[in-house]
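S.K.: If you scroll down you'll find the structure; I have some questions about it.
The values are calculated or read from the model by the stated rules, or taken from the named source; none is laboratory data. Owing to the predicted nature of the structure, the values given are computational and were not obtained by experimental measurement. Because the Cβ atoms are built from the backbone with ideal geometry, glycine has one as well, and the counts that use them run over all protein chains shown.
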Amino acid sequence: MTSICTRTDGRLYVNFTSEGCGAGCGYCFVKNKAGSQRFLDENQINNTLKAELARQFLVGPNGNVVVIASETDAFASERSIAFTEIVLKQILPLGNPVQIATKFSVPKTSIQMLSQGATHREQVVVYVSISSVIRWRDLEPGAASVETRFSNFSMLRERGVLSCLLVKPVLFFGRADIDALLHLLEKQEPDFICLGATYRKRQGRYGHPTEPGYFSNGISEQATKLAEELRSRTGIKVFHNASCVIAHANGSLPTSKIWADFPHLCVKCMDCERLYQESTETTRIQFYGHG
């Protein structure tokens, strides 16, 4: 049975589907990724989430990060939008950092909820995901066009909601793709960029946080070079780990010990070792499993 709530590395992953997404991304681990979303029971989702929030959940900006719609797309359909907003009603008043990823257009109702319901501007980061600018139709045939996805940045910025361009995995970024990406970024600028690692069903340096059997060897040479060019050409802060983006936005300790355990992913955006030394034992246990 699909889990509604999963905890790992200080993050609470909240899921509301048993299968399906609709984007059909060929590289994704979601069950029946090209099929329609099959939703879990609304009452069960609400009750499970309430119980999870009452179980040693660290509340507030320095508390557990909540990742919404971890097994599907938060804004792929009217029902997924409704479920996303149901979860947000419980989470936003707590002040905890929130991550939401999408390959679709964020509706005005959700943007309004994020803008008006957040306890502080840095609470929520919406990750707009792509894997290629030119080849997206082959890789993500059911997703919204890249241009539509990029239009989220200006809509979110207008309402004071932070956004991040999430390129994960970095697959085919030749010169033409990079130039097309830079052209889009000139017109629609996110607050952050994250170039993530590729996970595959084979042994690697570290495992996926929620999908057993998927491993990664870290950031590829292609992604490293792309990050360098994006930094120099756009001035936008570029990361290699999504949890670092939300931590940087909130000025809080990242839920993964990137700076120590995975230094190749660390971009030294802040002094995480100092934050770690200043953190409470409760936070360390919740985030890293030890005091």
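S.K.: Are there any pairs, at least 6 apart or on different chains, whose C-beta atoms fall under 6 Å, with the first in the range 169-198 and on the phi > 0 side of the Ramachandran plot and the second among the β-branched types (Val, Ile, Thr) and surrounded by 17 or more Cβ atoms within 10 Å (Cβ to Cβ), and if so, which?
M.R.: Listed by first residue and then by second, the contacts come to nothing, as the list is empty.
S.K.: Now for a different question. Among (1) within 18 Å of the chain's Cα centre (by Cα); (2) at negative phi, where does Pro93 come up short?
M.R.: With (1) within 18 Å of the chain's Cα centre (by Cα); (2) at negative phi applied to Pro93, the lone miss is (1).
S.K.: Ok, one more. Report yes if Val126 is among the hydrophobic types (A, V, I, L, M, F, W, C) and at pLDDT below 95, otherwise no. Full working, then the answer.
M.R.: Values: among the hydrophobic types (A, V, I, L, M, F, W, C): yes; at pLDDT below 95: no.
No, not satisfied.
S.K.: Taking into account only those residues within the range 223-238 that are closer than 11 Å to Val167 by Cβ and part of a helix (DSSP H, G or I), which is modelled with the highest pLDDT?
M.R.: Step one: list which residues in the range 223-238 are closer than 11 Å to Val167 by Cβ, which gives 223, 226-227, 230, 238.
So of that shortlist, the ones also part of a helix (DSSP H, G or I) come out as 223, 226-227, 230.
Values: Ala223: 86, Leu226: 92, Ala227: 93, Leu230: 96.
Here the answer is Leu230.
S.K.: Check every one of the strands (runs of 3 or more DSSP E) wholly within the range 107-206 and list those with 3 or more residues that are over 26 Å from Glu78 (Cα atoms) and in contact with a Leu (Cβ under 8 Å, 6 or more places away or on another chain).
M.R.: Details: elements: 124-130, 162-167, 192-195.
Hits in the range 107-206: 192-195.
S.K.: Do we find a residue being touching a Leu at 6+ places or on another chain (Cβ under 7 Å), at pLDDT below 95 and outside any loop (DSSP other than H, G, I, E, B) anywhere in the range 208-218? Write out each step before concluding.
M.R.: First, pick out the residues of the range 208-218 that are touching a Leu at 6+ places or on another chain (Cβ under 7 Å): 218.
Retained after the next criterion (residues that are at pLDDT below 95): 218.
When the remaining residues are screened for being outside any loop (DSSP other than H, G, I, E, B), the result is none.
No, the range 208-218 contains no residue that is touching a Leu at 6+ places or on another chain (Cβ under 7 Å), at pLDDT below 95 and outside any loop (DSSP other than H, G, I, E, B).
S.K.: Suppose the filter is out of contact with any Pro (no Cβ under 9 Å at 6 or more places or on another chain) and crowded, with 21+ Cβ neighbours inside 10 Å; does Ala247 pass it? First the steps, then the outcome.
M.R.: Details: out of contact with any Pro (no Cβ under 9 Å at 6 or more places or on another chain): no; crowded, with 21+ Cβ neighbours inside 10 Å: yes.
Against the criterion (out of contact with any Pro (no Cβ under 9 Å at 6 or more places or on another chain) and crowded, with 21+ Cβ neighbours inside 10 Å), Ala247 does not qualify.
S.K.: Go through the range 62-104 and count every residue that is over 21 Å from Thr282 (Cα atoms) and either of a type outside the set (Lys, Arg) or assigned to a loop (DSSP other than H, G, I, E, B) (or both). Don't jump to the end; show me each part of the working.
M.R.: If we filter the range 62-104 for residues that are over 21 Å from Thr282 (Cα atoms), which is where we start, we get 68-90, 92-93, 99-104.
Right, trim to either of a type outside the set (Lys, Arg) or assigned to a loop (DSSP other than H, G, I, E, B) (or both) and you get 68-78, 80-88, 90, 92-93, 99-104.
Residues meeting the conditions: 29.
S.K.: Please work out which residue is surrounded by the most Cβ atoms within 10 Å (Cβ to Cβ), limiting yourself to the range 120-137 and to residues that are of a type outside the set (Lys, Arg) and without any contact (Cβ under 8 Å) to a residue 40 or more places away in the chain.
M.R.: If we filter the range 120-137 for residues that are of a type outside the set (Lys, Arg), which is where we start, we get 120, 122-134, 136.
Subsequent filtering for residues that are without any contact (Cβ under 8 Å) to a residue 40 or more places away in the chain retains 124, 126, 129-130, 136.
On the way: Val124: 29, Val126: 26, Ser129: 21, Ile130: 19, Trp136: 20.
Per the criteria, the residue is Val124.
S.K.: Of the residues that make up the range 263-273, is at least one at pLDDT 85 or above, touching an Asp or Glu at 6+ places or on another chain (Cβ under 9 Å), of a type outside the set (S, T, N, Q) and more than 26 Å from Gly174 (Cβ to Cβ)? Before the answer, list the steps.
M.R.: Within the range 263-273, the subset at pLDDT 85 or above is 266-273.
Going one step further and asking which of them are touching an Asp or Glu at 6+ places or on another chain (Cβ under 9 Å), we end up with none.
No, there is no match, as no residue in the range 263-273 is at pLDDT 85 or above, touching an Asp or Glu at 6+ places or on another chain (Cβ under 9 Å), of a type outside the set (S, T, N, Q) and more than 26 Å from Gly174 (Cβ to Cβ).
S.K.: Next up: When you scan the range 58-72, how many residues do you find that are surrounded by fewer than 21 Cβ atoms within 10 Å (Cβ to Cβ) and touching a Cys at 6+ places or on another chain (Cβ under 9 Å)?
M.R.: Total satisfying the criteria: 0.
S.K.: For Val170, indicate whether it is closer than 12 Å to Thr102 by Cα and within 19 Å of the chain's Cα centre (by Cα). Steps first, answer last, please.
M.R.: Values: closer than 12 Å to Thr102 by Cα: no; within 19 Å of the chain's Cα centre (by Cα): yes.
Taking the combined requirement at face value, the residue does not satisfy it.
S.K.: For the range 18-56, name all the residues that are in contact with an Asp or Glu (Cβ under 6 Å, 6 or more places away or on another chain) and not in a loop (DSSP other than H, G, I, E, B).
M.R.: Within the range 18-56, Arg38 is the sole residue that qualifies.
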